[in-house]
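S.K.: Quick one: structure below, then a few questions.
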Amino acid sequence: MIDEIAALVDRYRVWLKDKTALRQVDDDYVEITTPFLDRHNDYIQIYAKRKNGGFVLTDDGYTVQDLQQSGCFLESPKRQNLLKVVLAGFGVQNQEGALVVHATGETFSLRKHNLIQAVLAVNDLFYLAQPYVASIFLEDVTAWLDLMEIRYTPNVKFTGKSGYDHLFDFAIPKSRQAPERILRAINNPTKDAARAMVFAWIDTKNVRFPDARAYAILNDSERTLAIGVVDALTSYDVVPVAWSKRESVTEALAA
């Protein structure tokens, strides 16, 4: 068995060598085309140059730029921290958007491997783009409600007057101090999302308690809320709550 595995490992090394292509792109850099594929099914390319008796390996900024061009922006503190954690796991630095490692002749293979693995891992951050990030925002809202000890029922479905079913993320039952409260977490607070919330609430409110209230928790972590979105919600008795100002409704939701 061990001989068979050893043969397979040797075969992998041969494949890796045969499928790796080199090209001199200028006086300083050599382009290394690897057999590993990114999420576009393109071969991952990195670049190497000599520096201070060793080598610098980099993706030349391609990985992060590709994410941004695909709608996955990494400017927010939470995403920047996530990127740092991913890169730290491979010993890779982020230098103005370029992924970089330094190597000696002895560590070249290991550092090259680490850089490729980092490129693959950062590629996976694409799943923070829409619609995947919506589930992350919902998790943030859930964690906040738990932290504030606000009781709730998740994933509540109500049938409106129209006969359509409407799903809300949370329902907070009425108490002696406060009416029933219905919440929806809106990760991408566009006018269309506001209209959808308004329709759901208008269609639902007449079959709920007369004093029930609706809240829209709006993600403003990466964009400023449009006035039209806030006005549309307010006009139909939906309370808009910017995520950055969620503390303003803690007392009302916890009552």
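The values are calculated or read from the model by the stated rules, or taken from the named source; none is laboratory data. These numbers were taken from a predicted model, which means no experiment stands behind them. Using ideal geometry, Cβ is built from the backbone for each residue, glycine included, and neighbour counts are taken over all protein chains shown.
S.K.: Tell me whether segment 199-210 contains one or more residues that are at pLDDT below 95, assigned by TED's automatic domain parsing to the domain that holds Thr142 and in contact with a helix residue (DSSP H, G or I) (Cβ under 8 Å, 6 or more places away or on another chain).
M.R.: No, there is no match, as no residue in segment 199-210 is at pLDDT below 95, assigned by TED's automatic domain parsing to the domain that holds Thr142 and in contact with a helix residue (DSSP H, G or I) (Cβ under 8 Å, 6 or more places away or on another chain).
S.K.: Take segment 162-196 and flag every residue that is within 31 Å of the chain's Cα centre (by Cα) and small (Gly, Ala, Ser).
M.R.: Passing the criteria: Ala171, Ala185, Ala193, Ala194, Ala196.
S.K.: Quick one: would you say Asn123 is over 28 Å from Asp231 (Cβ atoms), touching a Lys or Arg at 6+ places or on another chain (Cβ under 6 Å) and modelled with pLDDT under 95?
M.R.: For Asn123, the condition - over 28 Å from Asp231 (Cβ atoms), touching a Lys or Arg at 6+ places or on another chain (Cβ under 6 Å) and modelled with pLDDT under 95 - is met.
S.K.: Identify the single condition in (1) farther than 23 Å from Gln177 by Cβ; (2) surrounded by 18 or more Cβ atoms within 10 Å (Cβ to Cβ) that Gly228 does not satisfy, given that it satisfies every other one.
M.R.: Gly228 satisfies every listed condition except (2).
S.K.: To continue, here is another question. Before we move on, is Ile217 at pLDDT 95 or above, among the β-branched types (Val, Ile, Thr) and over 25 Å from Lys78 (Cα atoms)?
M.R.: Against the criterion (at pLDDT 95 or above, among the β-branched types (Val, Ile, Thr) and over 25 Å from Lys78 (Cα atoms)), Ile217 does not qualify.
S.K.: What single numbered condition from (1) touching a residue at least 60 places away in the same chain (Cβ under 8 Å); (2) under 30 Å from Ile32 (Cα atoms) fails to hold for Met148?
M.R.: Single failed check for Met148: (2).
S.K.: Could you pull out the residue among Leu74, Leu87, Leu67, Leu16 that is modelled with pLDDT of 90 or more and either surrounded by 10 or more Cβ atoms within 10 Å (Cβ to Cβ) or of a type in the set (D, E, K, R) (or both)?
M.R.: Leu87
S.K.: Next up: State yes or no: is Ser162 assigned to a loop (DSSP other than H, G, I, E, B), modelled with pLDDT of 90 or more, more than 28 Å from Gln80 (Cβ to Cβ) and not β-branched (Val, Ile, Thr)?
M.R.: Criteria not met by Ser162.
S.K.: Restricting to segment 47-66, give me the number of residues that are under 25 Å from the mean Cα position of the chain (by Cα) and in a strand (DSSP E or B).
M.R.: Taking segment 47-66 first, the residues under 25 Å from the mean Cα position of the chain (by Cα) are 58-66.
Narrowing further to those that are in a strand (DSSP E or B): 58.
Count: 1.
S.K.: Something else now. Could you tell me whether Pro154 is farther than 21 Å from Thr33 by Cβ, out of contact with any Cys (no Cβ under 6 Å at 6 or more places or on another chain) and in the same structural domain as Arg184 (by TED's automatic domain parsing)?
M.R.: Details: farther than 21 Å from Thr33 by Cβ: yes; out of contact with any Cys (no Cβ under 6 Å at 6 or more places or on another chain): yes; in the same structural domain as Arg184 (by TED's automatic domain parsing): yes.
Spelling it out, Pro154 is indeed farther than 21 Å from Thr33 by Cβ, out of contact with any Cys (no Cβ under 6 Å at 6 or more places or on another chain) and in the same structural domain as Arg184 (by TED's automatic domain parsing).
S.K.: I'm trying to understand the selection: among the residues of segment 7-53, which are among the hydroxyl-bearing types (Ser, Thr, Tyr) and either touching a helix residue (DSSP H, G or I) at 6+ places or on another chain (Cβ under 8 Å) or under 21 Å from Val101 (Cα atoms) (or both)?
M.R.: Step one: of segment 7-53, the residues among the hydroxyl-bearing types (Ser, Thr, Tyr) are 12, 20, 29, 33-34, 43, 47.
Answer for segment 7-53, where residues must be among the hydroxyl-bearing types (Ser, Thr, Tyr) and either touching a helix residue (DSSP H, G or I) at 6+ places or on another chain (Cβ under 8 Å) or under 21 Å from Val101 (Cα atoms) (or both): Thr20, Tyr29, Thr33, Thr34, Tyr43, Tyr47.
S.K.: Among the numbered criteria (1) more than 25 Å from Thr20 (Cα to Cα); (2) touching a strand residue (DSSP E or B) at 6+ places or on another chain (Cβ under 8 Å), which single criterion is violated by Lys78?
M.R.: Against the list (1) more than 25 Å from Thr20 (Cα to Cα); (2) touching a strand residue (DSSP E or B) at 6+ places or on another chain (Cβ under 8 Å), Lys78 comes up short only on (2).
S.K.: His102 - would you say it is outside any helix (DSSP H, G or I), surrounded by 12 or more Cβ atoms within 10 Å (Cβ to Cβ), in contact with a strand residue (DSSP E or B) (Cβ under 9 Å, 6 or more places away or on another chain) and not assigned by TED's automatic domain parsing to the domain that holds His40?
M.R.: No, not satisfied.
S.K.: Also, quick follow-up: If I go through segment 14-39 residue by residue, how many of them are in contact (Cβ under 8 Å) with a residue 12 or more places away in the chain and either out of contact with any strand residue (DSSP E or B) (no Cβ under 9 Å at 6 or more places or on another chain) or assigned to a strand (DSSP E or B) (or both)?
M.R.: Here is the first cut: in segment 14-39, the residues in contact (Cβ under 8 Å) with a residue 12 or more places away in the chain are 15-16, 19-21, 25, 28-36, 38-39.
Next, from what is left, pick out any that are either out of contact with any strand residue (DSSP E or B) (no Cβ under 9 Å at 6 or more places or on another chain) or assigned to a strand (DSSP E or B) (or both): 21, 30-36, 39.
The number of residues fulfilling the criteria is 9.
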